[in-house]
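The values are calculated or read from the model by the stated rules, or taken from the named source; none is laboratory data. Predicted model, so just to flag it, every value in this text is computed and none were measured. Using ideal geometry, Cβ is built from the backbone for each residue, glycine included, and neighbour counts are taken over all protein chains shown.
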Amino acid sequence: MMQENRKTQQAVALSFLAGYVDTVGFIALFGLFTAHVTGNFVLIGSELANPSHGVLIKLLAFPAFILAVALTRMALVWLERGGKSPMPYLLLLQLIFLLCFMAAGYLLEPVRDARAPLALLAGVFGAASMGVQNASSRLILQHMTPTTVMTGNVTQLVIDLVDILRGAADDTVRQRCVKFFWPVVAFGVGAIGGAFAYKYWLFLALLLPAAILAWLAATEYLSEKTEVGSPSTL
């Protein structure tokens with residue numbers, strides 16, 4: 001039961017974080033999506049068809065995202081070979097990129113030009129941070145719903161709700177509905193919270209998701225230590 005509660009907490013916290021960081025990046029960096037690449041593909045197409053000053057930051061975010069995913073994969077392999085639980089370390093890796101995102105943006109404030117070196121650097125670090133979260137979700141958090149892109153979650157949630165309302169749902173469907181519901185809500189709350197937080201605190205608003213990552217990493221590390229030291233594992 002405690003294990004299930006921890007998984008739920010992780011899903012909700014990471015979904016909130018993704019919505020929050022994605023919104024901060026979008027507002028601060030001229031429409032840059034840091035949490036997923038789909039939106040950036042659309043924006044790149046729009047920028048190329050109607051050129052403006054914001055295309056470079058979106059072009060750089062794509063390789064930054066890919067490199068972060070590759071780095072996460074290699075870090076996971078290295079950690080597993082060393083007999084270490086990877087989750088706390090990957091959360092810390094994401095935290096480092098997020099703090100670099102915040103630092104670059106803070107040094108640049110106010111952000112007036114998407115082509116400014118610090119703006120480009122902030123976009124790269126923001127995309128890298130969320131690239132780590134995306135890769136972690138695929139590699140070691142398969143038990144959770146996706147935390148960075150809500151399209152699939154909302155689709156499944158609506159399908160399950162329709163089946164529940166028409167009386168055709170079993171316990172598995174009801175449990176899945178709950179599983180998908182809270183991350184969707186958390187992402188939405190995070191997006192709204194990120195918008196208001198950036199309005200008042202600019203890039204310092206990223207201190208909140210940084211604190212969430214630090215808390216998740218510490219919780220995961222302590223949980224692993226407790227499980228290793230418990231009588232059942234000795």
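Identify the single condition in (1) outside any helix (DSSP H, G or I); (2) modelled with pLDDT of 95 or more that C100 does not satisfy, given that it satisfies every other one. In the conditions (1) outside any helix (DSSP H, G or I); (2) modelled with pLDDT of 95 or more, C100 misses (1) alone.
Somewhere in segment 27-34, is a residue under 30 Å from R176 (Cα atoms) and in contact (Cβ under 8 Å) with a residue 40 or more places away in the chain? Yes: segment 27-34 contains one or more residues that are under 30 Å from R176 (Cα atoms) and in contact (Cβ under 8 Å) with a residue 40 or more places away in the chain.
Within segment 48-59, not a single residue is within 17 Å of the chain's Cα centre (by Cα) and surrounded by 15 or more Cβ atoms within 10 Å (Cβ to Cβ).
For L222, the conditions (1) assigned to a helix (DSSP H, G or I); (2) surrounded by 12 or more Cβ atoms within 10 Å (Cβ to Cβ) all hold with the exception of (2). For segment 139-148, the criterion of being part of a helix (DSSP H, G or I) and surrounded by 14 or more Cβ atoms within 10 Å (Cβ to Cβ) is met by at least one residue.
Residues satisfying the criterion are present in segment 115-134 (criterion: closer than 16 Å to G25 by Cβ and without any contact (Cβ under 8 Å) to a residue 12 or more places away in the chain). Contact annotation: residue pairs with Cβ atoms under 6 Å, 6 or more positions apart or on different chains, pairing a residue in segment 142-156 that is of a type in the set (S, T, N, Q) with a partner that is surrounded by fewer than 19 Cβ atoms within 10 Å (Cβ to Cβ), are N153/V184. Looking only at residues in segment 176-217 that are closer than 28 Å to L79 by Cβ and modelled with pLDDT under 95, the one that is farthest from the chain's Cα centre (by Cα) is K179.
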